[in-house]
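The values are calculated or read from the model by the stated rules, or taken from the named source; none is laboratory data. All values reported here derive from a predicted model rather than from experimental measurement. Here the Cβ positions follow ideal geometry from the backbone for every residue, glycine too, while neighbour counts run over all protein chains shown.
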Amino acid sequence: GAVVSQHPSWVICKSGTSVKIECRSLDFQATTMFWYRQFPKQSLMLMATSNEGSKATYEQGVEKDKFLINHASLTLSTLTVTSAHPEDSSFYICSARVSGGNQPQHFGDGTRLSIL
Amino acid sequence: DAKTTQPPSMDCAEGRAANLPCNHSTISGNEYVYWYRQIHSQGPQYIIHGLKNNETNEMASLIITEDRKSSTLILPHATLRDTAVYYCIVRAHSGGGADGLTFGKGTHLIIQP
């Protein structure tokens with residue numbers, strides 16, 4: 001149980017393109033999902049918290065107008081990287097947590113974004 | 001969240017038990033110890049978590065000292081597929097669910113054939 005699916009797994013696109021990444025909880029409902037970013041040889045950094053039916057909460061230094069998050073249902077959150085540039089190239093990972101108690105977060109397999 | 005300290009890397013022979021230490025000397029009474037691992041180019045995988053009692057599941061065992069200032073993750077029979085970066089994270093239960101994780105640098109465990 002507690003499977004999180006992320007799509008696509010790999011994207012290569014030109015500078016200036018907007019890219020949408022989907023994160024789905026397959027067998028549970030998640031009122032909250034999280035988006036992380038990982039640059040090569042670095043650890044995961046939390047970008048934002050995605051809340052179903054309300055605005056996302058962004059970490060300091062993360063531009064909300066560049067990284068648009070939509071959490072329209074209890075099983076789907078999307079991250080759109082708008083007008084992507086080469087410096088946005090990174091490994092983007094989402095996670096979701098089963099509500100209640102001290103449940104752990106479960107992560108998707110990540111999306112590798114390469115901007116040319 | 002309490003800070004954690006882990007060795008940057010460890011080697012272990014295949015088939016032997018891998019013991020990964022984590023220091024969390026400033027842990028609060030309501031904070032849990034979580035372990036995740038990340039195999040290269042994949043998302044992190046949840047392994048185990050605990051509050052104060054030792055825990056065991058199909059993947060690993062978690063030993064937490066009585067004062068809760070440190071813990072050890074034990075992989076009983078390490079295989080080559082256990083080569084990964086292992087993260088020890090201390091986190092309080094948040095009823096509101098707004099609890100993104102703070103990842104440190106972790107321990108790069110290398111299983112040697």
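Listed here are the strands (runs of 3 or more DSSP E) enclosed by the stretch A:36-101 that have at least 1 residues being in contact with an Asp or Glu (Cβ under 6 Å, 6 or more places away or on another chain) and without any contact (Cβ under 8 Å) to a residue 60 or more places away in the chain: A:45-51, A:67-73, A:76-81. Screening B:65, B:83 for residues that are surrounded by fewer than 21 Cβ atoms within 10 Å (Cβ to Cβ), of a type in the set (S, T, N, Q) and over 26 Å from residue B:14 (Cα atoms) leaves exactly one candidate, B:65. Hey, among the residues in the stretch A:78-99 that are over 25 Å from residue B:106 (Cβ atoms) and polar (S, T, N, Q), which one's nearest to the other protein chains (Cβ to nearest Cβ)? Step by step, filter the stretch A:78-99, then rank; the result is A:99. For residue A:49, indicate whether it is polar (S, T, N, Q), within 10 Å of the chain's Cα centre (by Cα) and under 22 Å from residue B:90 (Cβ atoms). Judged against the criteria, residue A:49 is a match. Scanning the stretch B:1-45 for residues that are of a type in the set (S, T, N, Q) and part of a loop (DSSP other than H, G, I, E, B), we see that the one that is modelled with the highest pLDDT is B:6.
Do we have residue B:48 as in contact with a Ser or Thr (Cβ under 7 Å, 6 or more places away or on another chain), buried (at least 18 other Cβ atoms within 10 Å of the Cβ), modelled with pLDDT of 95 or more and in a strand (DSSP E or B) here? So residue B:48 fails the test.
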